[in-house]
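Everything on this sheet refers to the single structure shown next.
The values are calculated or read from the model by the stated rules, or taken from the named source; none is laboratory data. Quick caveat, the model's predicted, so the values are computed rather than measured. Neighbour counts run over all protein chains shown; Cβ positions are idealised from the backbone, glycine included.
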């Protein structure tokens with residue numbers, strides 16, 4: 001094919017396959033345009049394509065979480081001259097798959113897939129509405145100051161109950177008060193607000209004498225962060241755990 005394709009600063013006219021396609025589920029209409037670029041590239045063209053991808057990826061990974069921001073964020077411009085009557089001009093895209101290539105003599109047989117960023121965003125936002133946590137039990141949320149934690153395990157439990165021992169005669173006897181502390185073993189991910197909001201709540205709560213019936217943190221927050229860019233979509237998830245006790 002002699003049609004010209006431009007991805008950012010990369011340009012070639014040696015395509016070996018028609019690039020237009022779709023990804024997603026057609027039955028529900030949840031599809032987005034994809035562009036699988038395949039061609040024989042010179043060493044200089046291959047290096048330029050790799051550079052364009054690296055530049056996009058290094059910036060994309062710093063974008064706000066796609067599902068929280070609701071915006072396309074960092075994109076790369078795609079222009080395709082008419083192929084079978086189809087063309088696009090300066091279309092904002094994400095890389096759906098990174099470049100890959102095999103050496104063929106002096107050329108590199110390269111492939112890379114892009115996706116229409118606006119359409120892909122619309123699909124992932126709609127999928128979130130339709131299937132949000134559908135495959136997981138709904139364990140609810142807990143609000144900690146300005147942060148909301150979506151729970152991944154039941155949080156209610158007990159601690160410091162009475163103990164049971166044996167007398168010399170072999171009968172049971174109970175020691176300690178016949179009460180226990182109510183405990184919230186909070187494990188989940190921050191679905192609203194930020195980790196800084198959670199820390200602010202923790203700092204404020206421990207700085208004053210707690211009232212009877214209030215929940216008081218008895219462990220420091222522990223956090224792990226998951227960051228991923230898959231199919232152009234960036235997700236960032238703050239997983240947190242801490243323990244709170246209800247004051248008697």
If I filter the stretch 190-199 for residues that are over 27 Å from the mean Cα position of the chain (by Cα) and surrounded by 16 or more Cβ atoms within 10 Å (Cβ to Cβ), do I get at least one hit? no
Would you point out which residue out of 152, 111 is at pLDDT 85 or above, in contact with a strand residue (DSSP E or B) (Cβ under 9 Å, 6 or more places away or on another chain) and not assigned by TED's automatic domain parsing to the domain that holds residue 31? 152
Would you confirm whether any residue within the stretch 65-72 is within 14 Å of residue 7 (Cβ to Cβ) and either touching a strand residue (DSSP E or B) at 6+ places or on another chain (Cβ under 9 Å) or not assigned by TED's automatic domain parsing to the domain that holds residue 223 (or both)? no
I need a count of the residues in the stretch 199-218 that are part of a loop (DSSP other than H, G, I, E, B) and either touching a helix residue (DSSP H, G or I) at 6+ places or on another chain (Cβ under 7 Å) or under 14 Å from residue 149 (Cβ atoms) (or both). 0
Does the stretch 92-107 contain any residue that is assigned by TED's automatic domain parsing to the domain that holds residue 235, assigned to a loop (DSSP other than H, G, I, E, B), exposed (fewer than 11 other Cβ atoms within 10 Å of the Cβ) and out of contact with any strand residue (DSSP E or B) (no Cβ under 8 Å at 6 or more places or on another chain)? no
Any residue at all in the stretch 55-63 that is part of a helix (DSSP H, G or I), within 20 Å of the chain's Cα centre (by Cα) and free of Cβ contacts under 8 Å to residues at least 12 places away in the same chain? yes
For residue 184, all conditions in the list (1) over 30 Å from residue 70 (Cα atoms); (2) assigned to a loop (DSSP other than H, G, I, E, B); (3) touching a residue at least 12 places away in the same chain (Cβ under 8 Å) hold save one; what is the number of the exception? (2)
Please indicate, with yes or no, whether at least one residue in the stretch 7-28 is under 18 Å from residue 119 (Cβ atoms), at pLDDT below 95, surrounded by 13 or more Cβ atoms within 10 Å (Cβ to Cβ) and touching a helix residue (DSSP H, G or I) at 6+ places or on another chain (Cβ under 6 Å). yes
Could you identify the single residue in 49, 80, 114 that is in a strand (DSSP E or B), over 20 Å from the mean Cα position of the chain (by Cα) and surrounded by 15 or more Cβ atoms within 10 Å (Cβ to Cβ)? 80
Residues of the stretch 58-77 satisfying the condition of being surrounded by 13 or more Cβ atoms within 10 Å (Cβ to Cβ) and under 30 Å from residue 18 (Cα atoms): 59, 60, 61, 66, 72, 73, 74, 75, 76, 77
Go through the stretch 222-240 and count every residue that is crowded, with 18+ Cβ neighbours inside 10 Å and more than 30 Å from residue 116 (Cβ to Cβ). 1
